[in-house]
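Colleague: Mind looking over this structure? Questions follow.
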Amino acid sequence: MTTPGDGVAVNVPRAHDAAEAARAVPDVLTDASGDPLAQAAELGAGSAVLAFDVGGTDIKSALFDAEGAMLGLRRTPTPDPGPDLPERLIARLVELGAQLREEHPAVEPVAVGLVVPGIVDEVAGIGVFASNMGWRDAPIRALAEEAFGLPVAFDHDVRTGGWAEHVLGGARPYPNSIVLIIGTGIAGALLLGGVPFTSGGYAGEVGHSPVADEPVCPCGARGCLEAIASAGAIARRYTARTGNAVDGAKEVIALAAAGDEAAAAVWNEALDALALSLAQLTAVVAPQAVIIGGGLSRAGGALFDELRARLRARLSFHRIPDLVPAQLLGNAGILGAALRARGLA
């Protein structure tokens, strides 16, 4: 079954009965290949809330009712960057919220959950910095609370999604864990005792931890993990070496498996960089598990089996963390935003 959301299909899993169907959060969106980006999850009973997951390209928005059903899930473009983006963004979110409430008049939200990228100080309610959004020290929570007239839970998108993985998804058995989202870039979240460790919004930048002397990362540092091992970097590095454009990291991995030496070298370097970073995190943080999501996580054994072997080879007495695929994936941020909002109700 599919329901429309601004032209994007949302796949709704079959349920055994109407009550289960009402509780089930649907798969959110499929990528261009048709692969689902999330598994079904249940938010459970609680207060009705609005939830927004803002990215550099698009905004996911939905209304959650008191039974935990996700209503009106849709994807819409993020307003263009600029010095007044915080104000324009909040105005757009208010429009989306009004549409959702008009479509579901029986559901009256009592709080709003809002997650955004970049460096986020969730205690102060400030978007400290986001290069792809163009803001610095933006008082986003205050702007949102004034515009909505409701309490607003404000946080970082990946950190909140990682926490949602602990509450609802693949990290449930692991209170001490690291969530890595490996896609165009690499984002991370540290969960200690089941609680995100934030350090003023600066914790969890695993993608910008140094693992080599080269290349120069767009952030300005050298040898960042993201510049070597993200899905975007894998495709770029293969094209730079061969002059052959590829359709993403998936194609590079397939070429490596088929014997392409340049592809094998790029993929091997990415795996080594990831293994080094995970070994460092294991030695310092000793997580019970590393939960891996994002587009690269769909590489399956080519990623997980290789990382397990390389991680064991790098370490000695350390406790080797379980490597676990993320479950919520594309839904993690908006589920986390809804959970955060319910915490205010």
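Colleague: Which is farthest toward the positive dipole end of the chain among G44, A235, G301, measuring Cα position about the Cα centre, with Cβ charges +1 (Lys, Arg) and -1 (Asp, Glu)?
Modeller: Farthest towards the positive pole: G301.
Colleague: With equal scatterers on the alpha carbons only and no solvent term, can you work out the Debye log10 of I(q)/I(0) for the range 291-345 at 0.16 1/Å?
Modeller: Log10 I(q)/I(0), no solvent term: -0.63.
Colleague: Figure the gain on full extension for A258 and R312 (residue separation times 0.36 nm, minus the Cα-Cα span) and round it to one decimal in nm.
Modeller: 16.8 nm
Colleague: Please list, ordered by chain and number, the residues whose modelled amide H lies under 5 Å from the amide H of L323; skip anything fewer than 5 residues away on the same chain.
Modeller: Sorted by chain and number, the residues that satisfy this are V290.
Colleague: Could you derive backbone 3J(HN,Hα) for the range 176-182 from the dihedral phi with the Karplus parameters 6.51, -1.76 and 1.60 (θ = phi - 60°), listing whole Hz in sequence and x where the residue is Gly or Pro?
Modeller: Taking θ as phi minus 60°, the curve returns 10, 8, 10, 9, 10, 10, 10 Hz for the range 176-182.
Colleague: With each pseudo-label sitting 7 Å past Cα toward Cβ, what's the V167-A91 distance in nm, one decimal?
Modeller: Roughly 3.2 nm, to one decimal.
Colleague: Starting from the Cα gyration tensor of the range 74-170, take the square roots of the eigenvalues, sort them a ≥ b ≥ c, and report rounded, prolate or oblate (rounded when a/c is under 1.5, otherwise prolate if a/b is larger than b/c, else oblate).
Modeller: oblate
Colleague: May I pose another question? Specify which labelled value, from (i) 139; (ii) 128; (iii) 190, agrees with volume of the Cα convex hull per residue in Å³ derived from the coordinates of the model shown.
Modeller: Among (i) 139; (ii) 128; (iii) 190, the one derived from this structure is (i).
Colleague: Still on this structure: Using alpha-carbon pairs under 8 Å, 6+ residues apart, how would you state the relative contact order of the chain in percent?
Modeller: RCO, the chain: 18 percent.
Colleague: Let me ask another. Sticking with the crude label model, points 7 Å out along Cα→Cβ, report the distance from D84 to V284 in nm, one decimal please.
Modeller: Rounded to a tenth, the inter-label distance reads 4.2 nm.
Colleague: Averaged per residue, what accessible area in Å² does the chain show with a 1.4 Å probe, protein chains only?
Modeller: Computed with neighbouring chains in place, this is 43 Å² per residue.
Colleague: Helix-only mean residue ellipticity at 222 nm, the chain, DSSP H runs n ≥ 4 weighted -39,500 (n - 2.57), per residue, nearest 500. What is it?
Modeller: Computed ellipticity for the chain at 222 nm equals -11000 deg cm²/dmol.
Colleague: Let me ask something additional. Please give the length that would be gained between N268 and A147 if that part of the chain were fully extended, namely 0.36 nm times their separation in residues minus their C-alpha to C-alpha distance (nm, one decimal).
Modeller: So the extension gain works out to 38.6 nm.
Colleague: Under a crude label model (7 Å from the Cα following the beta-carbon direction), how far is E214 from D137 in nanometres?
Modeller: Once both label points are built, they end up 3.9 nm from each other.
Colleague: Still on this structure: Whenever you get a sec, compute what percent of the accessible area on the chain sits on carbon and sulfur atoms (1.4 Å probe).
Modeller: Result for the chain: 54 percent of the exposed heavy-atom area is carbon or sulfur.
Colleague: Residue by residue through the range 95-104, which ³J(HN,Hα) values in whole Hz follow from phi under the Karplus form 6.51 cos²θ - 1.76 cosθ + 1.60 (θ = phi - 60°), with glycine and proline marked x?
Modeller: 4, 4, x, 5, 4, 4, 5, 5, 6, 10
The values are calculated or read from the model by the stated rules, or taken from the named source; none is laboratory data. Just so it is clear, the model here is predicted, and its values are computed rather than measured. A quick note on method: Cβ atoms are made from the backbone with ideal geometry, for glycine too, and the neighbour counts reach across all protein chains shown. These accessible areas exclude ligands, DNA and RNA; they are computed on the full protein's heavy atoms, side chains included. Shrake-Rupley method; radii C 1.70, N 1.55, O 1.52, S 1.80 Å.
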